[in-house]
Structure formats: C-alpha cells, structure tokens
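Student: Take a look at this one; I'll ask things after.
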Amino acid sequence: MSKNLIKAGHELTVYDVVEAPVKELQSLGAKTARSSKEVAANTDLIISMLPDSPDVEKAAFGSDGIFEGIRSGSTYIDMSTISPVTTKKLAEEAKARGVRILDAPVSGGESGAIAATLTIMVGGAKPVFDDCLSIFQAMGKNIVHCGEIGSGQVVKACNQILVAGVLESAGEALVLGAKAGVDPEIVLKVIAGGYAMRVLDVRGPLILKRDFKPGFKTRLHYKDLGIALAAGSEYGVPLPVTALIHEMMGAMKVLGRGETDHSALITLLEDLAKVEVRKAT
C-alpha cells in the first residue's frame, strides 16, 4: 500500500517496529522516522495499518505515539481492521485535539494490496472522505463511504462474517463430495457456474425491498438440507453449519414462513435482534 502511494506521487514518512519494510520504502524514496510520534509531527496526514486493536492503541496512545506528535488540523486515517469501540476512542481523542479522522479497513488480501485493487470501507465525515479520496484511489478500486466514524469497521466485520461463512460452507460441500467419491474439481465447476455464487447478487436487493416472493421456497430448501445431512450421516461427514441452518429453516416452517423465499431466513435473525433490514429511504 505504501509502495502504491509512492507510485502515485505522494511523499511518505514511514515508521514500523519491523525495520525491513522501512528500509525497502526508504530505497524507493520515502523518508524514515524513529517513532509514530515523529511521523505525526512531520506530516499533515497520518495513516496507520496494524494487525489488531491493542496494536493501534499502542501506536496511537502509547509513549512516542501518534497523539503525542499530531498537530491540530491534521488528518488521521486508521486502515487497520479493529474493534469499532477502539475506533470511537481514537475519534474522541482526535476531536479533542482538533484532528480530522477516518476509519478505513480494507479487503482484498496481499494480492489486492499489491495490485492497488483493494476494497476500502470508510467511516467518518463525508467532507473528510472527499478530501482523502485520491489517497484511497492510489490503493484501491472499490472505495465506499459507509457512514459516520466506526461504520467502516462495522462493514468490514460484516464482510468477514460472509467470507468465513462461505469458506466453511464450501468446505462442508467439498468434503462431503470427496467422501462420497465425487471429483472435487467437478463439485467446484458445478458450484462456480450455479446459483450458489450468484445468490447474494440476485436476492440481496430483493431482501432490502422486503420482497420474499418465492423463487425457491424455504420448505424446499429445508428438505434439501435434510437430504444433505442424511448423506453426511451415511458417509460419516460432520456438517455443523448445514445442521444449524436446517434447524433455522425448520423454525421458519413452524412460524408459518415455509412458503416464503429461502432468503427470508434473515427474518428469523431480525426477530432475534429486534431490527428490520431494508433499503434506506
């Protein structure tokens, strides 16, 4: 990400507890600093990118940290994936010091960072986002202003839930296929060309419109998951997430929602959370 900022013509002052990347960026023209405090004292826009909330808190609030050196009127962008609670703490401190702040976690992995094709989810004041857009454009392609400060972290958490769920479910499907003697490449080929890979694109907008007219009924999907669980039992393949969703769809039937589209499964979660997901007006 730093390399792509340099390629875009930005002048960088960099610091990291690991020396190797700092030296590499120095060889590309970046200035180096001896602490986060020194970076903040010598730049008008500070970006942090760290593994977890405690790392960000140490870099921001710790001895020789960002807030020890930052100047009023500066902009601070935290691009780490951290707790929204920590983001709120950063925002409170930034406000007290007259500093503009954005949270901007990313998705796309190492390959996306290298290719400057990251998805960047930004929370904070819209004018600050607009001012920093060229910075984000040097590092990513899908750049979305998500709302107030902390909303970027919430959207990133939502993203990670879906990624983990897809990977786990894909794992269950591939393991069941392999245990039953089906070539896993065939399973992948069928899935890649089928509805499973398009379901969110197709049903997502309809969910927001509260349109649950059946394209595929919940009771039929419940039946299909029962078949999958029976196959898992026959071949000795545990399917824990499939079993959970099967029970949830069973609850939908009990509630009289078996004739709705299977995407109406979200209504069960809405009932538990006391909230309704719909398109903003």
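Student: Can you give me the long-range amide H partners of G140? Hydrogens built in the peptide plane at 1.01 Å from N, cutoff under 5 Å, separation of 5 or more residues or another chain.
Tutor: Sorted by chain and number, the residues that satisfy this are L118.
Student: Tell me which chymotrypsin sites (Phe, Trp or Tyr not before Pro) from segment 191-262 have a DSSP coil assignment and no more than 12 other beta carbons within 10 Å of their own.
Tutor: none
Student: Modelled label-to-label distance, E24 and V254, 7 Å Cα→beta-carbon offset: nm?
Tutor: Between E24 and V254, the label points sit 5.4 nm apart.
Student: Can you work out ³J(HN,Hα) from phi for every residue in segment 243-256, in order, using Karplus 6.51 cos²θ - 1.76 cosθ + 1.60 and θ = phi - 60°, giving whole Hz and x for Gly and Pro?
Tutor: 5, 5, 5, 4, 5, 5, 5, x, 5, 4, 4, 4, 7, x
Student: Go through C146, C132, C158 and list them by solvent-accessible area, largest first, probe radius 1.4 Å.
Tutor: C158, C146, C132
Student: Show M1, M49 ordered by accessible area, largest first, where the area counts protein heavy atoms only and the probe is 1.4 Å.
Tutor: M49, M1
Student: By how many nm would the segment from A231 to D130 grow when fully extended, if each residue of separation counts as 0.36 nm and the alpha-carbon distance is taken off?
Tutor: So the chain would gain 31.1 nm between A231 and D130.
Student: Heavy atoms only, probe 1.4 Å: what % of the accessible area of segment 214-281 goes to carbon and sulfur, would you let me know?
Tutor: 63 percent
Student: Next question, about the same structure. For n ≥ 4 DSSP H runs only, could you compute -39500 (n - 2.57) per run for the chain, divide by its residues and tell me the 222 nm figure to the nearest 500?
Tutor: The helix contribution divided over the chain gives -16500 deg cm²/dmol.
Student: Just flag the GluC sites (Glu not before Pro) in segment 187-281 sitting in loop per DSSP whose Cβ has no more than 10 other Cβ atoms within 10 Å.
Tutor: Passing both the DSSP loop test and the Cβ count: E276.
Student: Here is a follow-up. Counting only DSSP beta bridges with both residues in the chain, what percent are antiparallel, rounded to the nearest 5?
Tutor: Percentage antiparallel, nearest 5: 20.
Student: In a Gaussian network model over the chain where Cα atoms closer than 10 Å are linked, find which of M121, M139, M249 has the largest mean-square fluctuation.
Tutor: The residue that fluctuates most here is M249.
Student: Apply the Karplus curve 6.51 cos²θ - 1.76 cosθ + 1.60, θ = phi - 60°, to the phi angles in segment 17-30 and return the couplings in whole Hz, x for Gly and Pro.
Tutor: Listing the rounded values in order: 5, 9, 6, 4, x, 5, 5, 5, 5, 4, 5, 9, x, 6 Hz.
Student: Something else: Counting only residues 5 or more places away or on other chains, whose amide H sits under 5 Å from the amide H of V14 once H atoms are built in the peptide plane?
Tutor: The answer is K31, T32, A33.
Student: Treat each spin label as a single point 7 Å out from the Cα along the C-beta direction, and report the S169 to K279 distance in nm.
Tutor: Output for this residue pair reads 2.3 nm.
Student: On average, how much accessible surface per residue is there in the chain, in Å², for a 1.4 Å probe, leaving out ligands, DNA and RNA?
Tutor: That works out to 57 Å² per residue.
Student: Quick one: which of K58/K274; K3/K58; K37/K89 span more than 26 angstrom between C-alpha atoms?
Tutor: In this structure, K58/K274 lie more than 26 Å apart at Cα.
Student: Whenever you get a sec, compute what percent of the accessible area on segment 1-148 sits on carbon and sulfur atoms (1.4 Å probe).
Tutor: C and S fraction of accessible area: 51 percent.
The values are calculated or read from the model by the stated rules, or taken from the named source; none is laboratory data. The structure presented is a predicted model; accordingly, all values stated were derived computationally and were not measured. With ideal geometry, Cβ positions are generated from the backbone for all residues, glycine too; neighbour counts draw on all protein chains shown. Heavy atoms of the whole protein, side chains included, go into the accessibility calculation; ligands, DNA and RNA do not. Shrake-Rupley method; radii C 1.70, N 1.55, O 1.52, S 1.80 Å.
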